[in-house]
Amino acid sequence: MSEGLDVTRRIMLASGGAAAALAAAPGAEARLSAEKPDSPPHLPITLTVNGARRDLTLDTRTTLLDALREHLHLTGTKKGCDHGQCGACTVIVNGERINSCLTLAAMHHGDKITTIEGLGTPDKLHPMQAAFVKHDGYQCGYCTPGQICSAVAVLDEIRAGIPSHIQADLLEKPGLTAIEMRERMSGNICRCGAYSNIADAMAEIAGDKV
Amino acid sequence: MKAFTYTRAKDPVEAAQIVAREPGAKFIAGGTNLLDLMKLEIETPSHLVDVQDLKLDAIDKTDDGGLRIGALVSNTRLAADKRVRRDYAVLTRAIVAGASGQLRNKATTAGNLLQRTRCPYFYDPNMACNKRKPGSGCAAIGGYSRQLGVIGTSDACIATYPGDMAVALRVLDASVETVRGDGQRRTIPIADFHRVWGDHPERDTVLDKGELITAVTLPRPVGGVHLYRKVRDRSSYAFALVSVAAVVAKDGTGRFAFGGVAPKPWRVEAAEQEPSRGPKAIAAQIFADARPTKDNAFKLTLAERTLASVIDEAREMAA
């Protein structure tokens, strides 16, 4: 998945922090000694976000969500519960949707991340974004980026034949039906209750592409 | 979250060595449960060994006609595997009954086995909890215990094992393969993998520190109707009040394991011998040693009725 954070470098991290891992270049030792001895461990991390390579040096504790929002200033992805219960932080990593709050940026060194900003732009909306607007698939809008990232990935999952809880026959391909989409969207909570309009938006896009 | 160092291991034995040697070191794979607990400082590792590069992500046939599932196979991939859907449908059914699509994409097979209880008192650092802080007491006993365990519990802890996947693995007689830092390997039957709490609820499984799960193996497929029925407060993305994993053969004999009721998937093989006695008698034998609380005594009735419903459904499907 990634082009490795060399395991042998870890020894330096406990005492040295970021500079040690960045090392290699002359002068690294001086930077090392200038650091506070108790500074929390940092790591160099490279992500490909919405097609662009981004190099960061982050506290190991930084979640992928915080890397996107606080360090790359891609604030489209939202922090709701920060515990994987609401789905507002959903992004697409190497083609699969995940909760970006429940994973460390360091775990995604070398990975390809797509956020809501990478799906479409205000001038050129992704069809799913346009369908959410058309069908009024939101009220306050806070959960919407996660809903849309999830919705796009759900249609891919159905087409790929990933089974779901409501599927009657596991050996048949799941259909692009309303009940399939509702079951698969259960990890995205909308407190405004725009669910039926979200389902309509998804149905329109699913219908377009069948 | 407490600060920690982070590395990626390249070799399972090396990973096991580091975690065995260093106090405060832990493995991380999908991280969906561990990071949740680290944010609450219920888990406070000082070093994380990320095992994602260990290449334990294949599903292969075994020599005796079963499957070996790599520890890092995601829940989504395992549920979607064509052989699993065809020959071990109860496993696919159980996995897709759990969590959300996002979580299943990230969570691994080994991590699913190692997920910790969702007891609300375990999750609240202000509450006494013998599992979180041994010796501090159990606020769940006498507290709000509707979701909690009815059997296999102890005076120290009434938490449940929360997962679905392992309940299916229990009726399939799966095994867990591990490796330690000294290279020693062992195979643990799923029946023995999770502990009942006794006086040490802080220990969820029989794994030693630094012992790394490398695979879960399934024996040859078990013929019959495979079902997983999960009863919960909402129809998706919720933990089980009671769940039943079942494989029912044409002659009416069956294997049944229960989730949501105990520290581990709960199965009593002796109760499966005479299916003609009917679900009431079977459930009575399975739950003979139950010690429910006032709040969760309903789970015994629910378990019996869910079992009855599953047996009926299996009959209809076989007909």
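For the reader, a short list of remarks on this structure follows.
- Overall shape: prolate for segment A:120-210, with the ratio a/c of the largest to smallest alpha carbon gyration tensor axis at 1.5 or above and a/b above b/c.
- Computed 3J(HN,Hα) for segment A:99-108, one whole-Hz value per residue from the Karplus formula 6.51 cos²θ - 1.76 cosθ + 1.60 where θ = phi - 60°, is 7, 6, 6, 9, 8, 8, 4, 4, 6, 10, glycine and proline marked x.
- Whichever lysines have a C-alpha closer than 17 Å to that of B:Lys10, once near sequence neighbours (fewer than 8 apart) are set aside: B:Lys26, B:Lys55
- Ranked list, fewest to most other Cβ atoms within 10 Å of each Cβ, for B:Asp64, B:Asp50, B:Asp87: B:Asp64, B:Asp87, B:Asp50
- For B:27-35, mean number of other protein chain Cβ atoms within 10 Å: 4
- Of all the options B:Leu302, B:Leu227, B:Leu114, the one that moves most in a Gaussian network model of chain B with Cα springs shorter than 10 angstrom is B:Leu302.
- Note that segment B:85-97 has calculated 3J(HN,Hα) couplings of 4, 7, 9, 9, 4, 4, 6, 4, 4, 5, 5, 6, 7 Hz, one per residue in order, obtained from phi through the Karplus relation 6.51 cos²θ - 1.76 cosθ + 1.60 (θ = phi - 60°); glycine and proline are x.
- Mean partner shielding of peptide A:146-154, defined as the number of other chain Cβ atoms within 10 Å of each residue Cβ, is 1.
- Amide H contacts for A:Ala88 (H built 1.01 Å from N in the peptide plane; partners 5 or more residues away or on another chain; cut-off under 5 Å): A:Gly80, A:Cys81, A:Ile189.
- Straight-line reach from B:Lys106: taking Cα to Cα under 13 Å and skipping same-chain neighbours fewer than 8 places apart, the aspartates and glutamates in range are A:Glu96, B:Asp57.
- When the charge dipole of the protein assembly as shown is built from unit charges on Cβ atoms (+1 for Lys and Arg, -1 for Asp and Glu) and taken about the Cα centre, the candidate among A:Ile166, A:Val91, A:Gly76 whose Cα reaches farthest toward its positive end is A:Ile166.
- Cα centroid separation, segment B:156-185 to segment B:1-30 (Å): 20 Å
- Segment A:97-173: trypsin sites (Lys or Arg not before Pro) falling in loop per DSSP and having at most 15 other Cβ within 10 Å: A:Lys124
- Within the listed set B:Val216, B:Val247, B:Val179, the residue fluctuating most in the Gaussian network model of chain B (springs between alpha-carbon atoms under 10 angstrom) is B:Val179.
- Which of B:Ile95, B:Ile59 has the fewest Cβ neighbours within 10 Å, and the rest in rising order: B:Ile59, B:Ile95
- Cα-based shape type of chain B, given that a ≥ b ≥ c are square roots of the gyration tensor eigenvalues and the cut on a/c is 1.5: oblate
- Once backbone amide H atoms are built at 1.01 Å from N, B:Asp50 has B:Thr7, B:Arg8, B:Ala9, B:Ile28 as its partners under 5 Å, excluding neighbours fewer than 5 places away on the same chain.
- Shape of the protein assembly as shown, Cα gyration tensor, a/c cut at 1.5: oblate
- Other protein chain C-beta atoms within 10 Å of residue C-beta, averaged over B:85-97: 3.
- The helix-based estimate of mean residue ellipticity at 222 nm for chain B, built from -39,500 (n - 2.57) per DSSP H run of four or more residues and divided by its residue count, is -7500 deg cm²/dmol to the nearest 500.
- Simple spin-label estimate for B:Phe298 and A:Asp38 gives 5.0 nm between the two label positions (7 Å along the Cα-to-Cβ direction from each Cα).
- Our coupling estimate for segment A:79-84, obtained by passing each phi through the Karplus curve with A = 6.51, B = -1.76, C = 1.60 and θ = phi - 60°, is 9, x, 8, 6, 9, x Hz, Gly and Pro reported as x.
- Between B:Arg277 and B:Arg86, the FRET efficiency from the beta-carbon distance, with R0 = 22 Å, is close to 0.10.
- Amide H contacts of A:Ile45 (H built 1.01 Å from N, under 5 Å, at least 5 apart or other chain): A:Leu56, A:Thr57, A:Leu58
Values quoted throughout were computed directly from the atomic coordinates according to the rules given, and no laboratory measurement underlies them. Being a predicted model, the structure only gives us computed values, none of them experimental. Don't worry about glycine lacking a Cβ; one is built from the backbone with ideal geometry, like all the others, and counts go over all protein chains shown.
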